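Note sheet for the following structure.
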Amino acid sequence: MSDSKVAAPESGAQEGATPKENLVMEHLVSLTYRERLTPNLNRFVDKLLDGQIVGHKCPSCGRVYVPSKGYCPLCVVATSEADEVEVVDTGTVTGFTIITPVAYYGQKATDPFVYASVLLDGADTPLNGQDIVGIPHEQLRMGLRVKAVWKPKEERSAEGISNRGWGGIGSVVSAFEATGEPDASEEVYKEHIF
Amino acid sequence: MPGSDIAIIGYAQSPSVRDADQSEVQLLVPTVSAAIEMAGIDRREIGFTCAGSCDYLTGGPFAFVSNLEAAGAWPPISESHVEADGAWAMYEAWMRLLEGDIDIALAFGSGKSSPSNPAEVWAQQLDPYYLAPLGVDPASLAAIQARALLDAGKASERDFAEVVSRSRRNAKGNPNAQLRGDVDAESLLAEPYFRAPLRKHDLPPISDAAVAVVMARGDRARQLCSRPAWIRGMDHRIEPHQPGMRDITSSASTTLAARKAGFDGGPLDVVELCSTFSPQEVILREALGLDAGTDINPSGGPLAANPIMAVGLIRIVEAASRIVEGTARTALAHATSGPLLQQNLVCLLEGE
């Protein structure tokens with residue numbers, strides 16, 4: 001849908017002296033998309049709402065994708081529910097950023113917040129954009145051991161999950177909490193940073 | 001031996017459907033793999049890959065990046081992307097092969113129109129000052145073109161209906177088509193107008209699908225394929241973006257592209273045209289100088305399945321497949337882009 005407005009010419013404008021505002025034209029566009037989650041993501045969401053985390057294990061290389069894309073991008077092999085595996089809700093921080101929000105349009109956060117990648121035990125793909133709680137920001141580090149903080153069942157939704165690969169599981173798992181275990185060694189995560 | 005020493009030796013397409021369950025890349029994974037398997041090569045032998053798609057269709061910024069995963073992009077490969085139909089991706093890959101230092105190239109095109117409202121999306125490809133703000137959708141533009149054809153005395157509404165009737169009939173033999181069946185022109189003409197003088201059936205369906213081709217050069221093509229579809233020439237030409245600045249009842253760019261691709265009016269066994277709206281077949285037929293006896297779109301064409309960003313490359317695959325299967329020796333395939341046949345690509349194919 002378009003909503004365009006062209007600034008009306010000012011009366012009495014002199015020839016050869018076009019006012020700048022006459023050169024501005026608003027063209028506001030909004031496009032609407034409706035889609036169903038792919039079968040693999042739909043299954044992931046159903047299980048997630050139940051408190052389980054599932055992915056697909058590539059029948060060729062054995063890598064575990066959480067959530068599944070429905071194929072292994074390295075082997076170029078399609079995967080299906082027959083390749084489904086469950087992983088646990090504990091894992092390792094493989095990377096993180098502490099973001100100090102500036103008040104740009106749409107930014108609701110006011111305090112510094114964490115965007116961390118968490119590699120769940122048994123998975124080969126980290127979950128990105130996760131909040132880490134139970135530890136001061138200055139103590140965040142790669143290798144930190146964490147566990148999922150699940151929202152109460154009645155508050156869970158599939159809201160943030162889309163076929164397009166952005167958004168995350170935040171509508172079900174609100175954050176990951178530091179467990180206090182000894183850090184994982186670099187060997188665990190060096191091939192799975194992002 | 002035809003003009004170019006490059007041939008299509010492998011191809012595949014996914015069936016066109018109204019609303020696919022899978023993601024665009026999930027449609028591509030088995031399609032690209034099947035084309036590579038048909039070519040009888042290992043994907044690591046591919047020297048260049050080019051993909052065509054449009055992120056506006058699924059509404060996912062950088063969707064084209066994950067599409068590349070269908071080609072196996074690790075370890076890194078030499079690749080490119082065009083925000084255009086796969087036919088233009090194939091053009092770029094063909095150009096790359098002409099350099100002479102690689103033997104095999106892969107091109108693919110994919111599109112899921114189902115998540116979007118095409119009438120909203122495609123209004124945005126028009127110029128941002130005069131037409132896009134009006135929200136002119138492709139069907140309305142096509143109706144203006146149809147009206148101009150009728151006013152010029154170049155076609156009748158019956159001609160449009162005959163195109164649709166033949167498309168649907170031909171599509172009966174195409175397992176990848178979406179709309180097929182026996183409908184006579186008489187009953188089509190009895191339907192109400194959708195955008196006068198067009199009726200709903202004069203418009204293409206909304207489709208999701210993917211298509212891929214593998215090309216090889218010279219002796220490598222002959223080794224891999226018993227009947228390669230040699231690309232005698234490929235060319236594309238562009239007319240003014242603003243439909244009001246050109247004669248929309250003709251297609252000068254198609255005529256020129258065909259000539260530059262090497263088409264001299266000689267006999268053609270197969271013609272696949274990207275006539276997305278039924279009146280456009282009348283225009284393209286005239287632009288190419290095809291006589292009344294030429295059988296057009298044996299696959300059913302875009303009126304039977306219109307996966308935008310794949311539909312043009314599908315025309316080339318449909319034409320090539322008949323040469324590879326041995327039922328045709330010469331073929332012409334056409335792809336289009338932009339409003340009302342603004343850009344046109346012609347690919348001339350020949351068997352040995």
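Laboratory data are not the source of any read-out in this text; all were calculated from the coordinates shown. This structure is a prediction, so every number in the text was calculated from the model and none was measured. In this analysis, Cβ positions are derived from the backbone assuming ideal geometry, glycine residues included, and neighbour counts consider all displayed protein chains.
When B:Ser80 is tested against the conditions (1) surrounded by fewer than 23 Cβ atoms within 10 Å (Cβ to Cβ); (2) of a type in the set (Ser, Thr, Tyr); (3) within 11 Å of chain A (Cβ to nearest Cβ), the lone failure is (3).
Residues to consider are A:Val45, A:Val54; find the one that is away from every other protein chain (no Cβ under 14 Å), in contact (Cβ under 8 Å) with a residue 60 or more places away in the chain, surrounded by fewer than 22 Cβ atoms within 10 Å (Cβ to Cβ) and within 25 Å of B:Gly60 (Cα to Cα). If you could, list the steps in order and put the result at the bottom.
Numbers: A:Val54 fails: in contact (Cβ under 8 Å) with a residue 60 or more places away in the chain.
From the options A:Val45, A:Val54, the qualifying one is A:Val45.
Being in a helix (DSSP H, G or I), within 22 Å of B:Ser14 (Cα to Cα) and hydrophobic (A, V, I, L, M, F, W, C): is that true of B:Ala89 here? It is true that B:Ala89 is in a helix (DSSP H, G or I), within 22 Å of B:Ser14 (Cα to Cα) and hydrophobic (A, V, I, L, M, F, W, C). Is it true that B:Leu68 is over 26 Å from B:Ile323 (Cα atoms), surrounded by 16 or more Cβ atoms within 10 Å (Cβ to Cβ) and in contact with a strand residue (DSSP E or B) (Cβ under 8 Å, 6 or more places away or on another chain)? So B:Leu68 fits the description; yes.
I'd like the full set of residues that are in contact with a strand residue (DSSP E or B) (Cβ under 6 Å, 6 or more places away or on another chain), outside any loop (DSSP other than H, G, I, E, B) and charged (D, E, K, R), limited to the range A:52-89. A:Lys57, A:Asp83, A:Glu84, A:Glu86 - these are the residues of the range A:52-89 that are in contact with a strand residue (DSSP E or B) (Cβ under 6 Å, 6 or more places away or on another chain), outside any loop (DSSP other than H, G, I, E, B) and charged (D, E, K, R). The residue pairs whose first member lies in the range A:70-88 and is within 10 Å of another protein chain (Cβ to nearest Cβ) and at positive phi, whose second member is assigned to a helix (DSSP H, G or I) and not basic (Lys, Arg), and whose beta carbons are closer than 7 Å, counting only pairs six or more residues apart or on different chains, are A:Gly70/A:Asn40; A:Gly70/B:Gln26; A:Val76/B:Val29; A:Val76/B:Ser33; A:Val76/B:Ala70. Between B:Gly312, B:Gly300, the distinction of being of a type outside the set (A, V, I, L, M, F, W, C), assigned to a loop (DSSP other than H, G, I, E, B) and crowded, with 24+ Cβ neighbours inside 10 Å belongs to B:Gly300 only. Residues in the range A:130-150 that are part of a loop (DSSP other than H, G, I, E, B) and either in contact with a Phe, Trp or Tyr (Cβ under 8 Å, 6 or more places away or on another chain) or under 11 Å from A:Ala116 (Cα atoms) (or both): A:Asp131, A:Leu140, A:Arg141, A:Met142, A:Gly143, A:Leu144. Of the residues that sit in the range A:21-42 and are within 12 Å of chain B (Cβ to nearest Cβ) and among the polar types (S, T, N, Q), which one is surrounded by the most Cβ atoms within 10 Å (Cβ to Cβ)? Across the range A:21-42, the extreme among qualifying residues is A:Asn40. Of all the listed residues (B:Leu290, B:Leu268), the sole one being closer than 13 Å to B:Cys347 by Cα, assigned to a loop (DSSP other than H, G, I, E, B) and either of a type outside the set (Lys, Arg) or touching a Leu at 6+ places or on another chain (Cβ under 9 Å) (or both) is B:Leu268. Evaluation of B:Arg227 against the conditions (1) surrounded by 20 or more Cβ atoms within 10 Å (Cβ to Cβ); (2) within 26 Å of B:Ala177 (Cα to Cα) shows that the sole unmet condition is (1).
Only one entry of B:Glu281, B:Glu352, B:Glu272 meets the criterion of being surrounded by fewer than 24 Cβ atoms within 10 Å (Cβ to Cβ), acidic (Asp, Glu) and in contact (Cβ under 8 Å) with a residue 12 or more places away in the chain, and that entry is B:Glu352. A residue that is closer than 19 Å to B:Gly52 by Cβ, surrounded by 24 or more Cβ atoms within 10 Å (Cβ to Cβ) and not aromatic (Phe, Trp, Tyr) cannot be found anywhere in the range B:128-146.
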